[in-house]
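The following block contains the structure, expressed as structure tokens.
The values are calculated or read from the model by the stated rules, or taken from the named source; none is laboratory data. Model, not experiment: these values are computed from the prediction. Cβ atoms come from the backbone with ideal geometry, glycine included; neighbour counts cover every protein chain shown. These area figures cover heavy atoms from the full protein model, side chains too; ligands, DNA and RNA do not enter into them. Shrake-Rupley method; radii C 1.70, N 1.55, O 1.52, S 1.80 Å.
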Amino acid sequence: MPAPRTVLLTGAAGGLGTLMRGLLPAYGYELRLFDVTPIEGEPDAITADLGDKEALREAVRGVDAIIHLAGISLEASFDKILRSNIEGTYNLYEAAREEGVGRIVFASSNHAIGFTPRPAAGDALIPVDTPRRPDTFYGLSKSFGEDLAQFYWDKHGVETVSVRIGSCFTEPTSVRMLSVWMSPGDGARLFHAALTAPDVRHTVVYGSSDNTRLWWDLTTAKSLGYAPQDDSEQYADKLVAEHGELDPQNPEHAHIGGHFVTDPPIWPY
Ligand code: NAI
Ligand code: 15L
């Protein structure tokens, strides 16, 4: 596959989409933006829902690759998750297949494996082929997205890198995030690697910085050419002083998914 240049960024109005709109052009990408929420200052952005198959087909036409971030990013009723995340992701893959787009980077989530116990110090890191244990309907939709990606590779030859993102925000804001944080800079480095690595077929990777307190194995991400440069440890003293270390007896602290396991934040719309 030749190196992609024109990339459709779905979910471009969201938190991660906004960070990537700022960072990815430096890698030479020309971004086409898509979101149901209008984006101020971006008159060419496509404002449409993932349920609008015609709009999606037009949006993917002529792009070299897609970064698929759009969808409900927290817990919601099954009906809402079904419409935006499950049917919406299916609609996107169908549009890509119909228009001959060969590579998708899918924003999966750590919540696809949220009920996995977090490793204690000295335990092995969690591999990418650990059984999926979604912690929410949201996590279940990410698990579906990974299966959909595998199916579109096996059946139709559409390649995907499914990135099980930890927490991609400017700074980590909890002790859990010290383990799962992905700095925005490392996020852009990982998406760039996922867009350009040859022959990825369907590859699942964890999306985080190379944190001292890492819970999962970044080997597969690194095999795509990802070279993380950040580590959350610089924030550890402050966060541990504020909140204390994680308590293994507390179910919120004992699982990868953190508070999504016990009291997930609810999508507000
Ligand atoms: P966000 O909630 O800030 O952005 C999601 C965007 O998707 C919003 O702009 C929203 O308008 C759009 N959207 C929602 N439903 C849509 C629909 N039916 N049609 C078109 N657009 C729709 O979420 P964030 O944090 O930017 O995350 C982006 C993606 O990455 C999401 O898929 C999320 O599940 C995933 N992810 C993010 C993590 C993070 O740390 N930010 C961690 C793990 C996964
Ligand atoms: C996610 O999947 C969410 O989309 C994001 O908002 C964060 O909550 C993140 O996981 C996390 O686990 O911190």
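Counting only the backbone N, which residues of the stretch 227-262 are under 12 Å from the spot 7 Å out from the Cα of residue 212 toward its beta-carbon?
Backbone N within reach: 231-240.
Now for a separate question. Between the helical axis of 184-196 and the dominant principal axis of the chain, each derived from Cα atoms, what acute angle in degrees is found, rounded to the nearest 10?
50
Sort out for me the Cα centre separation of the stretch 108-175 from the stretch 40-60, rounded to whole Å.
That distance is 27 Å.
Would you rank 269, 27, 226 by solvent-accessible area, highest first, keeping every protein chain in place and using a 1.4 Å probe? Write out the running numbers ahead of the final one.
Numbers: 269 175, 27 80, 226 5 Å².
Correct descending sequence by accessible area is 269, 27, 226.
Can I ask one more? So if each residue of separation counts as 0.36 nm, and I subtract the Cα-Cα distance between residue 98 and residue 121, what length gain in nm does that give? Could you put the intermediate results ahead of the total?
Details: separation 23, 0.36 × 23 = 8.28 nm, distance 4.74 nm.
Extra length from residue 98 to residue 121 when fully extended: 3.5 nm.
Please compute the modelled spin-label separation between residue 40 and residue 155, points set 7 Å along Cα→Cβ, answer in nm with one decimal.
Distance between label points: 4.2 nm.
Right, another one. Straight-line reach from residue 155: which lysines fall under 22 Å, measuring Cα to Cα and dropping same-chain residues less than 8 apart?
Output for residue 155: 53, 142.
Using a Förster radius of 22 Å, what is the FRET efficiency between residue 87 and residue 147 based on their Cβ-Cβ separation? Nearest 0.05, please.
Details: r = 14 Å, r/R0 = 0.65.
For R0 = 22 Å, the calculated efficiency reads 0.95.
Identify the chymotrypsin sites (Phe, Trp or Tyr not before Pro) of the stretch 68-117 meeting these criteria: DSSP loop state and at most 15 other C-beta atoms within 10 Å of the C-beta. Working shown, then result.
Working: sites: 78, 90, 93, 106, 115; in loops: 115.
Sites meeting the loop and neighbour criteria: none at all.
Among 269, 195, 165, which residue has its Cα positioned farthest towards the positive end of the charge dipole of the chain, with +1 placed on the Cβ of Lys and Arg, -1 on the Cβ of Asp and Glu, and the dipole taken about the Cα centre?
Of 269, 195, 165, it is 195.
Could I ask something else about it? Please determine, in degrees from 0 to 90 and to the nearest 10, the orientation of helix 137-156 with respect to the longest principal axis defined by the Cα atoms of the chain, where the helix direction is its Cα long axis.
50
Name the residues of the stretch 50-71 whose amide N is less than 19 Å from a point 7 angstrom out from the Cα of residue 5 along the C-beta direction?
Within reach of a label on residue 5, which here means backbone N under 19 Å from a point 7 Å along Cα→Cβ, the stretch 50-71 contributes 60-67.
Just the number, please: percent antiparallel of the DSSP beta bridges in the chain, rounded to the nearest 5.
Numbers: 1 of 31 bridges.
For the chain, the DSSP antiparallel bridge percentage is about 5.
Ignoring ligands, DNA and RNA, what percent of the 1.4 Å accessible area of the chain is carbon and sulfur? Spell out each step's value before the answer.
Working: 6100 of 11930 Å².
Here carbon and sulfur together make up 51 percent of the probe-accessible area.
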